[in-house]
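**Q** My questions all concern the structure below.
Read-outs: derived from the displayed coordinates by stated rules, not from any lab. Quantities reported herein were computed from a predicted structural model and do not represent experimental measurements. Every residue, glycine among them, receives a Cβ derived from its backbone with ideal geometry; neighbour counts consider all protein chains shown.
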Amino acid sequence: MNNIIYIKDFSIFPGPRYKNLGAASGEEFRENVLLPKLKERDDWIINLDGVAGYGSSFLEESFGGCIREGISPSVMRGIVNRLVSFDDPDLIPEIKGYVEDAILAKEKTSK
């Protein structure tokens, strides 16, 4: 399959939320990997396995940040439904929560 994004290909040591805080940030992953890929197509499977661990700020900035950057809720909900993690399946509902929180925040500011 050529529609799989492996986060370990970005870094096996995912870093902080923002680029100015350190290497392999969630902001960098979102800007350099997720957003360009989502502009190509919206049926990506994201494999979360093979890294040393994730900080919540990396995950929130990567996935919730896509909503703040204009990716539609339906696309991001589809991405969340195709997340894969055998190493730590609890990451999937955590990421779903970040996406849903970002959707709610965006809806509040657009009213």
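**Q** Using 0.36 nm times the number of residues separating D101 and D49, minus their current alpha carbon distance, what extension gain do you get?
**A** Length gained between D101 and D49: 16.3 nm.
**Q** Out of residues 5 or more away from I5 or on other chains, whose amide H comes under 5 Å of its own, with H placed 1.01 Å from N in the peptide plane?
**A** Excluding prolines and chain starts, which carry no amide H, the hits are I45, I46, N47.
**Q** Name the long-range amide H neighbours of S25: under 5 Å, sequence gap of 5 or more, or other chain; modelled H, no Pro or chain starts.
**A** Distant-sequence amide H within range of S25: G15.
**Q** If I take the Cα coordinates of the chain and project them onto the principal axes, what are the three extents in Å, biggest first?
**A** Principal-axis extents of the Cα atoms in the chain, largest first: 40, 34, 27 Å.
**Q** Quick check on the exposure proxy: order L104, L35 from fewest to most C-beta atoms within 10 angstrom.
**A** L104, L35
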